[in-house]
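**Student:** Mind having a look at this structure? Questions to follow.
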Amino acid sequence: MTDVPFSDLYAAARGGDEAAFARIVASFRVRLERFIDRRMGAQVRRRCEPDDIFQNVMLTLLARIGGYPEDLGEDELRAYAVQIAKWKIADVLKRGDREGGESVLPAGELSA
């Protein structure tokens, strides 16, 4: 996020701007993927790929972003994403479900 302040991107994403949400996803990608990769154990890896967890975290974040506080900061939103990732990994372990990423979406939804 180089030239646009996070607060502006966040406000636009809360308003449904997919390009703004895609920029937030891009800014979170490296750190969140690294977190997911470190957090996943062999049992989870047998059921899904780290990218599937990442995509599902972003889909969940997109679905919930309108309900988060309007004045949320970048670190706070990233903390929500990390918490969602923890839950998604735990769900795979608990239920034994495969975690689906963007491949489970209807065509045309979220291309971030």
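**Student:** Roughly how many percent of the accessible protein surface of region 1-85 is carbon and sulfur, given a 1.4 Å probe and a whole-percent answer?
**Tutor:** Answer for region 1-85: carbon and sulfur cover 47 percent of the accessible area.
**Student:** Let me ask something else. What is region 42-92 by shape, rounded, prolate or oblate, if you read a ≥ b ≥ c off the alpha carbon gyration tensor as root eigenvalues and call it rounded for a/c under 1.5, prolate for a/b larger than b/c, and oblate otherwise?
**Tutor:** Here region 42-92 falls in the prolate category.
**Student:** Among rounded, prolate and oblate, which fits region 1-100 when a ≥ b ≥ c are the square roots of the eigenvalues of its C-alpha gyration tensor, a/c under 1.5 means rounded, and a/b larger than b/c means prolate?
**Tutor:** It comes out prolate by the Cα gyration axes.
The values are calculated or read from the model by the stated rules, or taken from the named source; none is laboratory data. Because the structure is a prediction, the values reported are computed rather than measured. Keep in mind that these areas ignore ligands, DNA and RNA; they rest on the heavy atoms of the full protein, side chains included. Shrake-Rupley method; radii C 1.70, N 1.55, O 1.52, S 1.80 Å.
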